[in-house]
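Data first, discussion second: the structure below is written as structure tokens.
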Amino acid sequence: MARMMGSPMRSDDISNAYSHPSPGYGSSRYSRTYSNLSSYSHADEEERSNVESTPNRLSRFAPRPPSSPCLNRLSMKKNVNVTAAHEKSEEEELELMRDKYTKLLLGEDMSGGGKGVCSAVAISNAITNLYATIFGTCHKLEPLSLEKKSMWRREMDCFLSICDFIVDPSTERTTPEAEVAQPRMDVVMNLPALEKLENMLLDLLDSFDGTDFWYGDKGKGSFSSSKSFSRSEDKWWVPVPCLPDNGLSTHARKELQQKRECANQIHKAAITINNDILAEMEVPESYIITLPKSGRLSVGDEIYHHMQTPDQFSAESVLSSLKISSEHEALEIADKVEAALYIWKRKVNLSHNRNPWDMRSDLVSDGDKNVVLLSRARSLLLSLKEKYPSLSQTTLDTSKLQYNKDVGKAILESYSRVLESLAYNIVSWIDDVLRANDSIRNSISYTYTI
């Protein structure tokens, strides 16, 4: 029997990848929708003909070998020891890099008419489009092709190289030496963790080589026998997993479950980083003016009644009582709860600023009530996103991304979002294989019973 998978990853690797949390409000997703593919996500045919295996990306803040023949990202210095052929290849890569940055600086408006988006939005769209180009057609547990992996590494290195020039303004001096400035703390804390999570996800895909399962055509059986495997209609395009007549071996099933747990932990880590980055983004004025006067008007009487109850609050019980029938309805509730959360958060900040030291004031009672409502709103929103992990992005998140002008936050947010999406897909694909295996086992047990 073919080898199932490589040795499973340990959860310690994931905790080490995210050992420094971002300075956001907590570790508490939204639909990872993709915009139209941009032209700079496609490499020239010449470049695609010469594809080599690319090693795992090193941390941008780790020391690099001094004799590396590659360009130091944006610096134009070349190593004098490189061959003429390698030098020509570097010149072509540098020209491609210049073209990409030109499009980003123009905000995706190549006409030069000044109608493009800001650089932060352009880079966020570029990373999202690159992910859609590389992983948008991947629906199987199998290694990523060398061509796609090389393209992903090359272009992500181009985008992430911008972080080398995002520094903390407080560390800059008036002297012309740029080396005295220190990298910005959110970049230092989150970018190495995201790069390690990316390497772990790609290694996880590489481990699905020579597995005991395979994939059949759409609409056919899920395994070699004629037994059926039910799939939800909203995933009709995903290939159907096929297994041997006796299903997976105990060892193979155990390894597959370990792989699932690893991908799930990576997914949670990416969610944490993404939520923290979004929490640090400024709320645009266009969103604030649309908010109702009170949180109760935002969530409605039914939800508000549950949130102000003197009894012990349970977010799961509230969601069960709402009887949500679709993700669209869940998104509407998420928008209302998030708006109310922001309203109560503003009221808490105003009450503290108005009377920060007199804790016996009558204002404190109202402030305490808002604190309780704020905490319960956060709990309800978190439970809602956990119950619907593929939920579309909320109105607040969309507004933040649309009006964000911080390039560093745009890179970290989009990078964590696409890794989150890939990890979630891997978990879903593994679940399909496990469900197919359970279906076979149940069928065999039923046959023996008869």
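Laboratory data are not the source of any read-out in this text; all were calculated from the coordinates shown. Bear in mind that the values here come from a model prediction, so they are computed numbers and not experimental data. As a convention, Cβ positions derive from the backbone with ideal geometry for all residues, glycine included, and neighbour counts pool all protein chains shown.
Amide H contacts for residue 242 (H built 1.01 Å from N in the peptide plane; partners 5 or more residues away or on another chain; cut-off under 5 Å): 214, 215, 216. Taking 0.36 nm per residue of separation and subtracting the current Cα-Cα distance, fully stretching the chain between residue 323 and residue 90 would add 78.1 nm. Rounded, prolate or oblate, given the Cα gyration tensor of the stretch 274-340, with a/c below 1.5 counting as rounded? The shape class here is prolate.
For each pair in 323/369; 103/400; 259/336, compute the distance between the two Cα atoms and list the pairs where it is over 25 Å. Table pairs above 25 Å Cα-Cα are 323/369; 259/336. With point charges of +1 on the Cβ of Lys and Arg and -1 on the Cβ of Asp and Glu, referenced to the Cα centre of the stretch 283-403, which listed residue (391, 330, 286) lies farthest in the positive direction of the dipole? Working it through, the farthest residue towards the positive pole turns out to be 286. With K and R counted +1 and D and E -1, the other residues having a Cβ less than 9 Å from that of residue 120 yield a net charge of +1.
Amide H contacts under 5 Å for residue 324: none, restricted to partners 5 or more places along the chain or on a different chain, H placed in the peptide plane at 1.01 Å from N. Judged by the gyration tensor of its Cα atoms, with axes a ≥ b ≥ c, the stretch 283-403 is oblate; a/c meets the 1.5 cut and b/c is at least as large as a/b.
Put a dot 7 Å past the Cα of residue 314, heading toward its Cβ, do the same for residue 209, and the two dots end up 4.9 nm apart.
Working note: Karplus 6.51/-1.76/1.60 with θ = phi - 60° gives the stretch 150-162 the couplings 5, 5, 4, 4, 4, 6, 5, 4, 5, 5, 6, 4, 4 Hz, where Gly and Pro are set to x.
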